[in-house]
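These notes are about the structure you will find just below.
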Amino acid sequence: MKTNITLIGMPGAGKSTIGIILAKDLAYGFLDTDVLIQISHQKTLQEIVDESGYMALREIEEAELLKVNLKRHIIATGGSAIYSEAAMMHLAEESVIVFLDLDLEQIRERIHNFDTRGIARSENQTIEDLFAERVKLYKKYADVTIDCRELDQDSLALEIIKKTEALL
């Protein structure tokens, strides 16, 4: 029986915000893996990218995700978690994986700091390139996909609870 809900999606999709709401609504713990990386490395994600490159950030993210061993938690992953099949399979052992699906325009509206946010991407990769590349992977790993386009935060949390309750 799976006991966690793991949120995946593009940067700006609302994984951390919705994760906190879900944790409160379900009386679960909450883990933001981007914050976990920053605490364990004492650097921002952008500093890691600037100093060591985006592939180093992906490797660090994979290592941190493979250490996750929790029950009854909402886990908000970094947007690039889906590049690690090993990490996603590990998370899937204990989690229902939920893809927060937004369209490119909404992601653009939400992300004003694309170049300084600490996004694991190649130097010349645009937000359009990243979106096209990642959406396929989000869909591949998702147990549940939630169309977030028309939902406010509380409605989104309720939709996630409704769609995952039979899987937990």
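The values are calculated or read from the model by the stated rules, or taken from the named source; none is laboratory data. Being a predicted model, the structure only gives us computed values, none of them experimental. Note that we place each Cβ from the backbone using ideal geometry, even for glycine, and neighbour counts take in every protein chain shown. In case anyone asks, the SASA skips ligands and DNA or RNA and just uses the protein heavy atoms, side chains included. Shrake-Rupley method; radii C 1.70, N 1.55, O 1.52, S 1.80 Å.
Key figures
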{"quantity": "Qualifying aspartates and glutamates (Cα of each under 14 Å from Cα of LYS140; at least 8 residues distant if same chain)", "calculated": "GLU85, ASP101"}
{"quantity": "Rounded accessible area of GLU105 (nearest 10 Å², 1.4 Å probe)", "calculated": "100"}
{"quantity": "Å² of accessible area per residue within the stretch 2-96, as computed with a 1.4 Å probe and no ligands counted", "calculated": "43"}
{"quantity": "From the coordinates shown, Rg/Rh (Cα atoms, Kirkwood Rh) corresponds to which of (i) 0.94; (ii) 1.02; (iii) 1.11", "calculated": "(i)"}
{"quantity": "With DNA, RNA and ligands ignored, accessible area of ARG108 (1.4 Å probe; Å², nearest 10)", "calculated": "80"}
{"quantity": "Simple Cβ-charge dipole of the chain, Lys/Arg +1 and Asp/Glu -1, about Cα centre, in debye nearest 20", "calculated": "480"}
{"quantity": "Under 5 Å, built H, 5+ apart or other chain: amide partners of VAL96", "calculated": "ASN4, ILE5, THR6"}
{"quantity": "Listed pairs LYS24/LYS71; LYS136/LYS162; LYS139/LYS163; LYS67/LYS139 exceeding 18 Å between Cα atoms", "calculated": "LYS136/LYS162; LYS67/LYS139"}
{"quantity": "FRET E, pair LYS136, GLU59, Förster distance 22 Å, beta-carbon r, rounded to 0.05", "calculated": "0.55"}
{"quantity": "Phi to ³J(HN,Hα) by Karplus 6.51 cos²θ - 1.76 cosθ + 1.60 over the stretch 108-116, Hz, x for Gly, Pro", "calculated": "4, 5, 8, 9, 9, 10, 3, 7, 10"}
{"quantity": "The stretch 66-163 shape via C-alpha gyration tensor axes, a/c threshold 1.5", "calculated": "oblate"}
